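This report refers to the structure that appears directly beneath it.
The values are calculated or read from the model by the stated rules, or taken from the named source; none is laboratory data. Since this is a predicted model, take the numbers as computed values, not measurements. Methodologically, a virtual Cβ is constructed for each residue, glycine included, from the backbone with ideal geometry; neighbour enumeration extends over all protein chains shown.
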Amino acid sequence: MKAVAWKMGKSKDKIIYVVQVDNVKGIRNENKLLKELKEWQHYGEGYDVKQKCKTLMFKHQFETEDEWKSWARSFPYELVEVGKSGKEKPYKLGLAYQNSRYRRTGNEK
């Protein structure tokens with residue numbers, strides 16, 4: 001499964017982000033994803049008949065961009081954020097961040 005996220009806008013001083021997860025195959029993977037995103041609002045879905053997989057979309061509000069990045073870095077699947085131009089943001093999120101050997105840990109001073 002791969003996920004793409006983008007900033008949808010603002011609502012009452014909160015930032016709304018949308019996460020689209022592609023290639024969700026099987027009910028077990030779908031249930032794992034729904035459990036992981038239980039605090040998020042289910043926003044939409046699609047189905048690819050040829051590959052027999054779903055695309056699920058969710059949205060959630062965050063107080064700050066730092067709160068968003070903190071959540072996105074802990075997301076257990078591949079995740080990239082795209083800007084308004086459609087280009088990927090340069091920082092690592094999800095599995096790419098967790099597997100990075102240069103990532104910051106809480107033990108540093």
With respect to residue 72, is the statement that it is free of Cβ contacts under 8 Å to residues at least 40 places away in the same chain, within 17 Å of residue 1 (Cα to Cα) and small (Gly, Ala, Ser) true?
no
Residue satisfying all of: in region 1-47; assigned to a helix (DSSP H, G or I) and loosely packed, with under 12 Cβ neighbours inside 10 Å; nearest to the chain's Cα centre (by Cα) among these:
35
State whether one or more residues within region 35-42 are under 20 Å from residue 76 (Cβ atoms) and touching a residue at least 24 places away in the same chain (Cβ under 8 Å).
yes
Of the candidates 100, 70, the one satisfying the condition of being modelled with pLDDT under 95, small (Gly, Ala, Ser) and outside any loop (DSSP other than H, G, I, E, B) is 70
Return yes when residue 94 is on the phi > 0 side of the Ramachandran plot, at pLDDT below 95 and surrounded by 14 or more Cβ atoms within 10 Å (Cβ to Cβ) and no when it is not.
yes
For region 56-82: of the residues being farther than 20 Å from residue 29 by Cα and of a type in the set (Val, Ile, Thr), which is surrounded by the fewest Cβ atoms within 10 Å (Cβ to Cβ)?
64
